[in-house]
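Below you'll find the structure, written out as structure tokens, and then a few comments.
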Amino acid sequence: MSGLRIPVDGPDGSGTASAVAVLAPNPSPMTLDGTNTWILGTSEDVIVVDPGPDDDGHLKRVAERVSDRRVTAVLLTHGHPDHSEGAASFAAMTGAPVRALDPRHRLGEEGLADGDILTAGGTEVRVMATPGHSSDSLCFWLPGDRAMLTGDTVLGRGTTVIAPDGDLGDYLRSLDRLRQGAEILEAEALLPGHGPVLPDPIGVLDAYIAHRRERLDQIREAIRQGARDAREIVEMVYAEVDRSLWPAAEMSVAAQLNYLKTL
Ligand SMILES: [Zn+2]
């Protein structure tokens, strides 16, 4: 039983029995409603995932929500600033170490890697490496809630961009791994880094995988029709999409071109 909560007015306060989102005030086309900072745990010990931007009001709001509890660790799903920038300030407020896959984002002795198991009070957190969106992307499985915290690997709306430090081949493998995991583990919810909680993990992951294959087919077709670079492909394939999203689309197309070269 995941104890799913999905408020109608956005991600703030959404979650499962032992996970709750605190929404950061950094909305944008890339971050949707803003970054979801996740508080994990129901007892006196909690883990905070992705403190988000270095926004004093947001970090204080998160700290207030856990003021009667002890933050044992701050975890990062990955090192992009909209997730990690506030980590040092939040660590200073709470005295908690910051654990991440990328050593550059750690504060304290301990890292974070595939297969690690952490507990916050009675809440277990299992770490899964899911490179692709970025090379350092992690997901966190909460077995007690049958929920997967996905960072930017899966978003609450739309699809994820492969960042310059990511890799589409890795990303497709990570989606397959998450898809298999969701089935074997009987996942009931995805808790994304941006946007609302998703109650149908297998449906969402299937749609993500299908979307990636469709985009790759469209790019192959655009090349057949004469597109010579990422920009020209975007002009053909994303003609209907708002122009403010074209730079992100161009980044994504560049990642797909790199991937097609490896096949
Ligand atoms: Zn993000």
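The values are calculated or read from the model by the stated rules, or taken from the named source; none is laboratory data. In this text, all values refer to a predicted model and were calculated from it rather than measured experimentally. Cβ: placed from backbone, ideal geometry, glycine included. Neighbour counts: every protein chain shown. Surface accessibility is based on the protein's heavy atoms, side chains included, excluding ligands, DNA and RNA. Shrake-Rupley method; radii C 1.70, N 1.55, O 1.52, S 1.80 Å.
Observations on the structure shown:
- Near the amide H of Gly121, within less than 5 Å, lie the amide hydrogens of Asp45, all on another chain or at least 5 residues away, with H placed in the peptide plane.
- Accessible surface computed residue by residue for segment 121-234, with neighbouring protein chains in place and a 1.4 Å probe, gives 39 Å² per residue.
- Between Ala19, Ala207, Ala129, the GNM of the chain built on Cα springs shorter than 10 angstrom shows Ala207 fluctuating the most.
- Sorting 184-195, 30-41, 67-78, 233-244 by average packing, meaning the other beta carbons within 10 Å per residue, from highest down gives 30-41, 184-195, 67-78, 233-244.
- Dividing the summed helix terms, -39500 (n - 2.57) for each DSSP H run of n ≥ 4, by the number of residues in the chain produces a 222 nm estimate of -10500 deg cm²/dmol to the nearest 500.
- Rounded to whole Hz, the Karplus (6.51, -1.76, 1.60) HN-Hα couplings of segment 24-35, x for glycine and proline: 7, x, 10, x, 5, x, 7, 9, 6, 5, x, 7
- For Gly86, the residues 5 or more places off, or on other chains, whose built amide H falls under 5 Å of its own are Gly52, Asp54.
- Percent RCO, i.e. relative contact order, over segment 115-215, from Cα pairs under 8 Å lying at least 6 residues apart: 24 percent
- With θ taken as phi - 60° and the Karplus curve 6.51 cos²θ - 1.76 cosθ + 1.60 applied, the whole-hertz 3J(HN,Hα) list for segment 248-253 is 5, 5, 5, 4, 5, 5 Hz, x standing for glycine and proline.
- Shape of segment 1-117, Cα gyration tensor, a/c cut at 1.5: rounded
- Relative to the current alpha-carbon distance between Glu221 and Thr159, full extension at 0.36 nm per residue lengthens the span by 20.2 nm.
- Whether the chain is rounded, prolate or oblate, judged on the alpha carbon gyration tensor where a/c under 1.5 counts as rounded: prolate
- When only Cα pairs below 8 angstrom with a gap of at least 6 residues are kept, the chain shows a relative contact order of 14 percent.
- Sites Gln180 and Val241, calculated FRET efficiency, Cβ-Cβ separation with R0 22 Å, nearest 0.05: 0.10
- Across segment 101-149, the mean sequence separation of Cα contacts (distance under 8 Å, 6 or more residues apart), normalised by length, yields a relative contact order of 26 percent.
- Heavy atoms of Asp217 accessible to a 1.4 Å probe, total area in Å² rounded to 10: 90 Å²
- Area accessible to solvent at Glu232, 1.4 Å probe radius, in Å²: 50 Å²
- Cα gyration tensor shape of segment 10-66, rounded if a/c is under 1.5, else prolate or oblate by comparing a/b with b/c: oblate
- Computed from backbone phi with θ = phi - 60° and the Karplus coefficients 6.51, -1.76 and 1.60, the 3J(HN,Hα) list for segment 74-82 is 9, 10, 10, 5, 5, x, 4, x, 5 Hz; x is used for glycine and proline.
- A 1.4 Å probe run over segment 1-75, with the rest of the protein chains in place, finds 41 Å² accessible per residue.
- Note on the chain: antiparallel DSSP beta bridges, both residues inside, total approximately 70 percent of the bridges counted.
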